[in-house]
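What follows is a short report on a single structure.
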Amino acid sequence: QQQVKQSPQSLIVQKGGISIINCAYENTAFDYFPWYQQFPGKGPALLIAIRPDVSEKKEGRFTISFNKSAKQFSLHIMDSQPGDSATYFCAASKGAGTASKLTFGTGTRLQVTL
Amino acid sequence: GAVVSQHPSWVICKSGTSVKIECRSLDFQATTMFWYRQFPKQSLMLMATSNEGSKATYEQGVEKDKFLINHASLTLSTLTVTSAHPEDSSFYICSTGQGTGTIYFGEGSWLTVV
């Protein structure tokens, strides 16, 4: 059962454009929603994360928008750069702390063209 | 800098042999670590939860006798792939979280079974 659905599967954006990746979850007990960036052959790196008590979080060019009632959250990459080309995974977990088990989305391969 | 270290980064082993992958938390104690495997162009699949001082918890469909997990200290968990076969070739990644709830991943270990 896919508890976190992610779209699109792949995305091509021109340099300077906005990249938008969407995720939807089913389990209302989830209360931690991180986004990870993964380059080929590397482990995922935490990009930004949000908890359901806020509707938006911004860190530099990366913004998470969170809609609790719709059970959706999205990643916006402003002024996309070729170096942002990577695979992005959304995830969700229940509870905070070291024992939090993440459920991942299927991933979005982003390509930023010149 | 990295907070979770994995070793080796890549390993090639002969079919039928066993191979051990280490996962270390560098800056904090980790009572719980997670092991994932990832096939090319796919998402991360949780294999098991490693608990310090007790038995690991395996996800459904993961053979506990094939993928041995040992979490002997608060900073080290090991995954041993026993009697490896070519279909076990994959990217294995560990993760663990700090008390704040932030979850970090290791750099991953490429296993190729020939």
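The values are calculated or read from the model by the stated rules, or taken from the named source; none is laboratory data. Please read all numbers here as calculations on a predicted model, not as lab measurements. Reconstructed Cβ throughout: ideal geometry from the backbone, glycine too, with neighbour counts over all protein chains shown. When the accessible area is computed, the model is the full protein with side chains, heavy atoms only, and any ligands, DNA or RNA have been set aside. Shrake-Rupley method; radii C 1.70, N 1.55, O 1.52, S 1.80 Å.
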| task | Hey, can you tell me all the residues within segment B:51-60 that are in contact with a strand residue (DSSP E or B) (Cβ under 9 Å, 6 or more places away or on another chain) and either at positive phi or open to solvent by 30 Å² or more (accessible area, probe 1.4 Å) (or both)? | result | B:Asn51, B:Glu52, B:Gly53, B:Ser54, B:Lys55, B:Thr57, B:Tyr58, B:Glu59
| note | Result of the Cβ filter at 9 Å on segment B:14-37, keeping first residues that are over 24 Å from B:Gln60 (Cα atoms) and open to solvent by less than 50 Å² (accessible area, probe 1.4 Å) and partners that are hydroxyl-bearing (Ser, Thr, Tyr) and part of a strand (DSSP E or B), at least 6 apart or interchain, is B:Ser25/B:Ser5; B:Ser25/B:Ser77; B:Ser25/B:Thr96; B:Ser25/B:Tyr104; B:Phe28/B:Thr96
| request: Kindly provide the set of residues from segment A:1-38 that are more than 19 Å from A:Pro82 (Cβ to Cβ) and among the hydroxyl-bearing types (Ser, Thr, Tyr), ordered by number. | output: A:Ser7, A:Tyr25, A:Thr28, A:Tyr32, A:Tyr36
| said: For segment B:1-43: of the residues being among the aliphatic types (A, V, I, L, M) and under 13 Å from B:Leu74 (Cβ atoms), which is nearest to the other protein chains (Cβ to nearest Cβ)? | reply: B:Ala30
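Pick out, from segment A:11-61, the strands (runs of 3 or more DSSP E) lying fully within it that include 3 or more residues that are open to solvent by 40 Å² or more (accessible area, probe 1.4 Å).
Because the criterion is at least 3 residues that are open to solvent by 40 Å² or more (accessible area, probe 1.4 Å), the strands (runs of 3 or more DSSP E) in segment A:11-61 that meet it are A:56-59.
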| remark: Only one of B:Ala30, B:Ala84, B:Ala48 is touching an Asp or Glu at 6+ places or on another chain (Cβ under 9 Å) and either outside any strand (DSSP E or B) or at positive phi (or both), namely B:Ala30
| query | Any idea how many residues of segment A:62-97 are farther than 17 Å from A:Thr108 by Cβ and either polar (S, T, N, Q) or assigned to a loop (DSSP other than H, G, I, E, B) (or both)? | reply | 11
| message | Here's a check for you: in segment B:1-13, which residue that is of a type outside the set (A, V, I, L, M) and assigned to a loop (DSSP other than H, G, I, E, B) is least open to solvent (accessible area, probe 1.4 Å)? | response | B:Pro8
| query | surrounded by 21 or more Cβ atoms within 10 Å (Cβ to Cβ), more than 16 Å from B:His7 (Cα to Cα) and among the β-branched types (Val, Ile, Thr), is that true of B:Ile103? | reply | yes
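Looking at B:Gln42, is it of a type outside the set (D, E, K, R), under 26 Å from A:Gln6 (Cβ atoms) and within 14 Å of the chain's Cα centre (by Cα)?
No; evaluated as a whole, the condition is false for this residue.
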| field | Candidate set: segment A:69-90, residues that are closer than 14 Å to B:Gln42 by Cα and open to solvent by less than 20 Å² (accessible area, probe 1.4 Å); chosen: the one farthest from the other protein chains (Cβ to nearest Cβ) | value | A:Ala86
| Filter segment B:87-114 for residues that are over 22 Å from B:Thr32 (Cα atoms) and part of a loop (DSSP other than H, G, I, E, B); which is nearest to the other protein chains (Cβ to nearest Cβ)? | B:Ser89
| Residue check: is A:Leu110 outside any helix (DSSP H, G or I), farther than 30 Å from B:Gln60 by Cα, modelled with pLDDT of 95 or more and within 13 Å of the chain's Cα centre (by Cα)? | yes
| For segment B:85-100, how many residues meet the condition of being open to solvent by 60 Å² or more (accessible area, probe 1.4 Å) and either out of contact with any strand residue (DSSP E or B) (no Cβ under 9 Å at 6 or more places or on another chain) or under 11 Å from A:Ala45 (Cα atoms) (or both)? | 2
| field | Within segment B:44-67, tally of residues that are touching a Phe, Trp or Tyr at 6+ places or on another chain (Cβ under 7 Å), over 14 Å from B:Cys94 (Cα atoms) and within 12 Å of chain A (Cβ to nearest Cβ) | value | 0
